[in-house]
Amino acid sequence: GRCRRGRPHEDDQETVMEFIRTPDAQFDALEDWPYAPHYLEWEGLRVHHVDEGPKDAPVALLLHGEPTWAYLSRKMIPPLLDLGFRVIAPDLAGFG
């Protein structure tokens, strides 16, 4: 795929960044990962996030560092859901 960036080069050409997307099948049947995928499209990139629990509940925002993804939070999500939180765990673009 391609991602277009709005910042032009000195020659007024648009910057284009090539990217590779991991096939969705690679995420099927992950251990301890029963969560449905959610995606946001941003500048040509598809960014994944977990969004579980009641939509009107207090939010627990789980952020990760590099070089990992939201799967790191798989042991924290169930207890937070049990406490009544809505859990949102976004992946950084390029991770997960």
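The values are calculated or read from the model by the stated rules, or taken from the named source; none is laboratory data. Treat the numbers as computed from the prediction; the structure is a model and nothing was measured. With ideal geometry, Cβ positions are generated from the backbone for all residues, glycine too; neighbour counts draw on all protein chains shown. Heads up: the accessible areas ignore ligands, DNA and RNA and are worked out on the full protein's heavy atoms, side chains in. Shrake-Rupley method; radii C 1.70, N 1.55, O 1.52, S 1.80 Å.
Quick notes
- Cross-chain or 6+ apart pairs with Cβ under 8 Å, segment 38-67 first and in contact (Cβ under 8 Å) with a residue 24 or more places away in the chain, then acidic (Asp, Glu) and surrounded by 12 or more Cβ atoms within 10 Å (Cβ to Cβ): Val47/Asp91; His48/Asp91; His49/Asp91; His64/Asp91
Residue by residue, here is whether (1) at pLDDT 90 or above; (2) assigned to a loop (DSSP other than H, G, I, E, B); (3) open to solvent by less than 50 Å² (accessible area, probe 1.4 Å); (4) under 14 Å from Ala93 (Cβ atoms) holds:
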residue: Met17; (1), (2), (3), (4): no, no, no, yes
residue: Arg21; (1), (2), (3), (4): no, yes, no, yes
residue: Leu30; (1), (2), (3), (4): no, yes, yes, no
residue: Tyr35; (1), (2), (3), (4): yes, yes, yes, no
residue: Thr68; (1), (2), (3), (4): no, yes, yes, yes
residue: Pro79; (1), (2), (3), (4): yes, no, no, no
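- Cβ pairs under 8 Å, 6+ apart, first in segment 24-37 and within 15 Å of Val50 (Cα to Cα), second among the hydrophobic types (A, V, I, L, M, F, W, C) and at pLDDT 90 or above: Phe27/Trp33; Tyr35/Val50; Tyr35/Ile77
- Count of segment 50-61 residues, restricted to those that are within 20 Å of Leu40 (Cα to Cα), surrounded by fewer than 17 Cβ atoms within 10 Å (Cβ to Cβ) and not acidic (Asp, Glu), is 4.
- Residue selected from segment 57-66 under the condition not in a loop (DSSP other than H, G, I, E, B) and not small (Gly, Ala, Ser), by the criterion nearest to Leu92 (Cα to Cα): Leu61
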